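Read the structure below first, then the notes.
The values are calculated or read from the model by the stated rules, or taken from the named source; none is laboratory data. Not measured: the values here are computed from a predicted model. Backbone-built Cβ (ideal geometry, glycine too); neighbour counts: all protein chains shown.
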Amino acid sequence: GENVEQHPSTLSVQEGDSAVIKCTYSDSASNYFPWYKQELGKRPQLIIDIRSNVGEKKDQRIAVTLNKTAKHFSLHITETQPEDSAVYFCAASTAGANNLFFGTGTRLTVIP
Amino acid sequence: GAGVSQSPSNKVTEKGKDVELRCDPISGHTALYWYRQSLGQGLEFLIYFQGNSAPDKSGLPSDRFSAERTGGSVSTLTIQRTQQEDSAVYLCASSPRTSGFTGELFFGEGSRLTVL
């Protein structure tokens, strides 16, 4: 089955700086890559996703890039704010599959 | 309610006891998932229900774990003879998708299980 690895496990940045979280996946048939944000004590929520037919997607301060050849994808957060502090999970899935395979999460702390 | 509802939010039990965790998905969502979130770990897939189809149980870690979904709506995850390693947050999610995995999962806030 699919194996998703995520790095780093923790990340601290100064407010206003950028943050980058990277994930790799093992199944070349995977074609859907969402990112979920989980604030402390809250439920995970989808913040952005990308499908394998595009290489980059942006939504305001958040962007995701995908390199299908290398089987890795990354989350980029620019101009970080304290409210960006949370655990971020990447995930991968194959079309027609029942399952969404998650990474182990990155705890991001934005220091005011 | 507007979101996925789970109960109880917290459950403390003694080793060897059985527990039941409940999930009420968003109305009209045909797909329902259970995940387990252990400390420092990602979200581990447990089981998937899609409409009236047979569930995908491939993620259940042992035969002590079972789940059912009645009437295509509410789901119950049962853990028999609980062990300390079962301590985790159990998350339920639903999705309006009828097939495949191509869209957003809507998560509940989870049930935190502590086995003493």
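Output the residue which, of all residues in the stretch B:8-43 that are over 14 Å from residue B:112 (Cα atoms) and among the hydrophobic types (A, V, I, L, M, F, W, C), is surrounded by the most Cβ atoms within 10 Å (Cβ to Cβ). The extreme case among them is B:32. Within the option set B:104, B:68, being within 10 Å of chain A (Cβ to nearest Cβ), without any contact (Cβ under 8 Å) to a residue 24 or more places away in the chain and surrounded by fewer than 18 Cβ atoms within 10 Å (Cβ to Cβ) holds for one residue only, B:104. Tell me which residues, restricted to the stretch A:17-38, are at pLDDT 95 or above and charged (D, E, K, R). A:17, A:22, A:37 - these are the residues of the stretch A:17-38 that are at pLDDT 95 or above and charged (D, E, K, R). Yes or no: the stretch A:14-25 includes at least one residue that is under 17 Å from residue A:93 (Cα atoms) and among the β-branched types (Val, Ile, Thr). Yes; the residues of the stretch A:14-25 include at least one that is under 17 Å from residue A:93 (Cα atoms) and among the β-branched types (Val, Ile, Thr). For the stretch A:49-101, the strands (runs of 3 or more DSSP E) that sit wholly inside it and include 2 or more residues that are surrounded by 14 or more Cβ atoms within 10 Å (Cβ to Cβ) and within 14 Å of chain B (Cβ to nearest Cβ) are A:86-94. Could you say whether any residue in the stretch A:22-34 is in a strand (DSSP E or B), in contact (Cβ under 8 Å) with a residue 12 or more places away in the chain, within 13 Å of chain B (Cβ to nearest Cβ) and under 14 Å from residue A:86 (Cβ atoms)? No, the stretch A:22-34 contains no residue that is in a strand (DSSP E or B), in contact (Cβ under 8 Å) with a residue 12 or more places away in the chain, within 13 Å of chain B (Cβ to nearest Cβ) and under 14 Å from residue A:86 (Cβ atoms).
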